[in-house]
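Novice: I have a structure I would like to understand better, so I am pasting it below and will then ask my questions one at a time.
The values are calculated or read from the model by the stated rules, or taken from the named source; none is laboratory data. Keep in mind the model is a prediction, meaning the values are calculated, not measured. Because the Cβ atoms are built from the backbone with ideal geometry, glycine has one as well, and the counts that use them run over all protein chains shown. Just so you know, the surface numbers come from the protein's heavy atoms only, side chains and all, with ligands and any DNA or RNA stripped out. Shrake-Rupley method; radii C 1.70, N 1.55, O 1.52, S 1.80 Å.
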Amino acid sequence: MTPNSPLEPRSLGSTTMTVTPLCIGTSPLASMSRLYGYDVDERRAIDTVKAVFDSPITFIDTSNGYGEDGTAERRIGAAIRERGGLPDGVVLATKVDPDPETGDFSGARVRASFAESLERLGVDRVPLLYLHDPERIPFEEAIADDGPVRALVRLRDEGRVDHIGVAGGPVGLLGRFLDLGEFEVVLNHNRYTLLDRSAAALYASAADRGIGVVNAAPYGGGMLAKGPSVQASYAYGRPDDRIAHAAGQMQRACAAHGVPLAAAALQFSLRASVVDATAVGVSSPERVAQTLEYANLAIPESLWDELDTLTPPRELWLD
Ligand SMILES: NC(=O)c1ccc[n+]([C@@H]2O[C@H](COP(=O)([O-])OP(=O)(O)OC[C@H]3O[C@@H](n4cnc5c(N)ncnc54)[C@H](OP(=O)(O)O)[C@@H]3O)[C@@H](O)[C@H]2O)c1
């Protein structure tokens, strides 16, 4: 089976945004070697963003908190300037983060984070602004009158952003945020991949309610792209040995069909009916073309069946 077209623009849930199912994530562009194991220099990062602008991909994901002092946003901003503006039709989403010094994640900090992002990116507005990793504060603090959720709702009410979303890890907590009825998009990471299905129910329930679903990190942060012998971490940490073992078995199963593991990992997400967009992190211009190639590669149905039998058991999934 070939995937749904990775480039056919579609609505992001019930929002007014139209995006390609392929989204480029920009955390590797922030040169966070602690997470990815290597540095990325500024020129390479800017050229990567420009390669995305030159491609048919129209959805880019970033955050106030990617890299020291907003490195990812600053590099995207530089690419936008070099291009003379954000190309028409590109949906650039960012996220609000706590103050990196104090950890403050109040409503006031949300407004400051948003202002910083606009300044770094050199844009007047963004169509989609997420609450980023709300697992960093207690739920009650997040929903307090002077907390970040109310501040995001106010930014939307004031027309400063078109849509708000919630992005993070733990699926149970994200479900609680969606139940507030305010968020129009949910982004989860590393939990709907060849190796982990913890986000399946969250995504199904979001899709049922017309909430846009962005599945981030289909490669588990690199293991499912580079292979477990090159990238031993999964979801930015050291996983149970059985995760790397399963990834190795999957890599061999893919190789027997002449399919790169990355292509299967990417298409696993792209072909899921509950996923509107898949956010893939890349850090060089060549990766953009390679990602498109992998998204379009024909993968035999029998390989999907085989990969399914190699999925690690639930007790090894993230929460
Ligand atoms: N809480 C949140 O909001 C949250 C959390 C996680 C992720 N995200 C978003 O989702 C995006 C994706 O997550 P991610 O970047 O952490 O993980 P990912 O997409 O699962 O994996 C990224 C890694 O895969 C590598 N890769 C990509 N294509 C490759 C290819 N064709 N061959 C070999 N290696 C390849 C990249 O290497 P190269 O650098 O060599 O290209 C990078 O090391 C992020 O960038 C971010 O925008 C959001």
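Novice: When only Cα pairs under 8 Å and 6 or more residues apart are kept, what is the percent relative contact order across the chain?
Specialist: Details: 648 pairs, mean separation 69.0, N = 319.
Reported relative contact order: 22 percent.
Novice: Still on this model: Can you tell me the length gained on complete extension of the stretch Arg209 to Phe139, counting 0.36 nm per residue apart and subtracting the Cα distance?
Specialist: On the way: separation 70, 0.36 × 70 = 25.20 nm, distance 2.17 nm.
Stretched out fully, the Arg209 to Phe139 stretch lengthens by 23.0 nm.
Novice: Determine how many Å³ per residue the convex hull of the Cα atoms of segment 2-68 encloses. Before the final figure, lay out each step's value.
Specialist: Working: hull volume 8.3 nm³, N = 67.
Value for segment 2-68: 125 Å³ per residue.
Novice: Size of the dipole of the chain about the Cα centre, Lys and Arg at +1 and Asp and Glu at -1 on the beta carbon, nothing else charged, in debye to 20? Show your work: numbers first, answer last.
Specialist: On the way: 30 positive and 44 negative charges, 103 e Å.
Its charge dipole is roughly 500 debye.
Novice: Roughly what percent of Cα-Cα pairs across segment 171-308 reach past 20 Å? Don't skip to the answer; put the middle values down first.
Specialist: Numbers: 4397 of 9453 pairs.
So the pairs more than 20 Å apart make up 47 percent of the total in segment 171-308.
Novice: Rounded to the nearest whole Å², what accessible area per residue is found for segment 152-194 with the 1.4 Å probe? Let's see the in-between values first.
Specialist: Numbers: 1330 Å² over 43 residues.
Value for segment 152-194: 31 Å² per residue.
Novice: Describe numerically, in nm with one decimal, the distance between label points set 7 Å from Cα along Cα→Cβ at Val123 and at Ser5.
Specialist: Distance between the two pseudo-spin positions: 2.4 nm.
Novice: I would also like to ask the following. For every helix of n ≥ 4 consecutive DSSP H residues, a contribution of -39,500 (n - 2.57) applies; sum these over the chain, divide by its total residues, and give [θ] at 222 nm rounded to the nearest 500 deg cm²/dmol.
Specialist: Values: 13 runs with 126 residues, N = 319.
Calculated at 222 nm, the ellipticity per residue is -11500 deg cm²/dmol.
Novice: Now for a different question. Note down the net charge around Ile143, summing +1 for each Lys or Arg and -1 for each Asp or Glu among other residues with Cβ under 13 Å from its Cβ. Each step should come with its number before you reach the end.
Specialist: Working: positive: Arg150, Arg176; negative: Glu140, Glu141, Asp145, Asp146, Asp179, Glu182.
Summing Lys/Arg as +1 and Asp/Glu as -1 gives -4.
Novice: Determine Rg/Rh for the chain; Rg is computed over alpha-carbon atoms and Rh is the Kirkwood hydrodynamic estimate from the same atoms. Walk me through the intermediate numbers first.
Specialist: Working: Rg = 18.5 Å, Rh = 19.6 Å.
Computed over Cα atoms, the ratio is 0.94.
Novice: Place a point 7 Å from the Cα of Arg83 along the Cα-to-Cβ direction; which residues of segment 89-121 have their backbone N under 14 Å from it?
Specialist: Output list for this probe position: 89-93, 121.
Novice: Also, quick follow-up: So how far apart, in nm, are the two label points at Asp69 and Glu158 if each is 7 Å from Cα heading toward Cβ?
Specialist: Here the answer is 2.6 nm between the modelled labels.
Novice: Taking 7 Å along the Cα-to-C-beta vector as the label spot, tell me the His257-Arg176 distance in nanometres, rounded to one decimal.
Specialist: So the two model labels end up 4.0 nm from each other.
Novice: If you roll a 1.4 Å probe over segment 1-155 with all protein chains in place, what percent of the accessible area is carbon or sulfur? Mind dumping the intermediate values first?
Specialist: Numbers: 3010 of 6490 Å².
Its accessible area is 46 percent carbon and sulfur atoms.
Novice: Just the accessible area per residue of segment 1-95, please: how many Å² with a 1.4 Å probe? Don't skip to the end; give the middle numbers.
Specialist: Working: 3890 Å² over 95 residues.
Roughly 41 Å² per residue, with all protein chains present.
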